[in-house]
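Novice: Sharing a structure below in structure tokens format, with a few things to ask.
The values are calculated or read from the model by the stated rules, or taken from the named source; none is laboratory data. Here the structure is a predicted model, which is why all the values come from computation and not from measurement. All Cβ positions, glycine included, derive from the backbone under ideal geometry; neighbour counts span all protein chains shown. Quick note on the areas: whole protein, heavy atoms, side chains included, nothing else; ligands and nucleic acids left out. Shrake-Rupley method; radii C 1.70, N 1.55, O 1.52, S 1.80 Å.
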Amino acid sequence: MPRLTLLIGLFRRFRAFVLKRDVEVVGQCRMCGRCCREIMLRDAGRCLKTEKQFLDLCQSDPLHECFTITRRDEFGVLIFNCVKLDGDNICTDYESRPALCSNYPTKSLYYNGGWLRDDCGYSFKAVTFRDVFMRRRSMGKSRFAETLQEQIEQEKDKRAL
């Protein structure tokens with residue numbers, strides 16, 4: 001895993017812990033089939049880098065046999081495509097698809113520094129430090145100012161009587 005991706009994931013986990021806010025997965029599938037291509041598979045949290053690792057994964061979970069190796073990325077990680085995707089980008093074995101597919105996209109993708117394609121119907125919605133700071137700044141300032149002004153007006157009215 002590239003170091004930048006690792007750092008992004010660590011930062012996202014740290015931010016969620018500090019702010020006590022979990023990321024949300026929002027949106028819906030557009031049935032484009034892009035998430036079924038160019039996939040990195042993991043076993044025990046590690047990306048697969050050898051064909052033997054892939055065969056071992058298939059032996060322990062035969063549902064992964066629907067993936068075929070297409071290439072390696074620049075870090076030596078195997079990249080896969082799903083063979084169950086038809087020409088209309090529909091899964092031909094939808095009811096028996098692996099958990100990787102039925103749970104996509106997962107929060108763990110976000111917390112591991114991953115990302116979703118810009119054209120994906122899903123997105124990650126996370127509260128950022130800036131969101132919290134700006135909300136507190138605007139809420140605190142305006143509420144305080146309004147309350148103070150109301151109290152000043154009330155005191156003026158009392159004194160006038």
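Novice: Asp88: at pLDDT below 95, open to solvent by less than 70 Å² (accessible area, probe 1.4 Å) and among the charged types (D, E, K, R), yes or no?
Specialist: On the way: at pLDDT below 95: yes; open to solvent by less than 70 Å² (accessible area, probe 1.4 Å): no; among the charged types (D, E, K, R): yes.
No: the conditions fail for Asp88.
Novice: Looking at (1) closer than 24 Å to Thr5 by Cα; (2) open to solvent by 50 Å² or more (accessible area, probe 1.4 Å); (3) touching a Phe, Trp or Tyr at 6+ places or on another chain (Cβ under 9 Å); (4) touching a residue at least 24 places away in the same chain (Cβ under 8 Å), which is the only condition Phe124 fails?
Specialist: (2) is the only condition that Phe124 fails.
Novice: Hey, another quick one. Of Val77, Val23, Val83, which residue is open to solvent by 30 Å² or more (accessible area, probe 1.4 Å) and of a type in the set (Val, Ile, Thr)? I'd like the intermediate steps shown before the answer.
Specialist: Details: Val77 fails: open to solvent by 30 Å² or more (accessible area, probe 1.4 Å); Val23 fails: open to solvent by 30 Å² or more (accessible area, probe 1.4 Å).
Of the residues listed, the single one that is open to solvent by 30 Å² or more (accessible area, probe 1.4 Å) and of a type in the set (Val, Ile, Thr) is Val83.
Novice: Next question. Scan region 37-65 for residues that are touching a helix residue (DSSP H, G or I) at 6+ places or on another chain (Cβ under 6 Å) and exposed (fewer than 11 other Cβ atoms within 10 Å of the Cβ) and jot them down. Before the answer, list the steps.
Specialist: Here is the first cut: in region 37-65, the ones touching a helix residue (DSSP H, G or I) at 6+ places or on another chain (Cβ under 6 Å) are 43, 48, 57-58, 64-65.
Selection gives nothing.
Novice: Identify, by number, the condition in (1) open to solvent by 90 Å² or more (accessible area, probe 1.4 Å); (2) at pLDDT below 90; (3) among the polar types (S, T, N, Q) that Asn112 doesn't meet.
Specialist: (1)
Novice: Let me ask something additional. Pick out the one residue from Thr106, Thr68 that is open to solvent by less than 70 Å² (accessible area, probe 1.4 Å), at negative phi, of a type in the set (Ser, Thr, Tyr) and at pLDDT 95 or above. So that I can check it myself, show each step before the final result.
Specialist: Working: Thr106 fails: at pLDDT 95 or above.
Step by step, each of Thr106, Thr68 is checked, and only Thr68 is open to solvent by less than 70 Å² (accessible area, probe 1.4 Å), at negative phi, of a type in the set (Ser, Thr, Tyr) and at pLDDT 95 or above.
Novice: With respect to Lys84, determine if the residue is touching a residue at least 12 places away in the same chain (Cβ under 8 Å) and under 18 Å from Val23 (Cα atoms).
Specialist: Numbers: touching a residue at least 12 places away in the same chain (Cβ under 8 Å): yes; under 18 Å from Val23 (Cα atoms): no.
Here the answer is no, as Lys84 does not meet what is asked.
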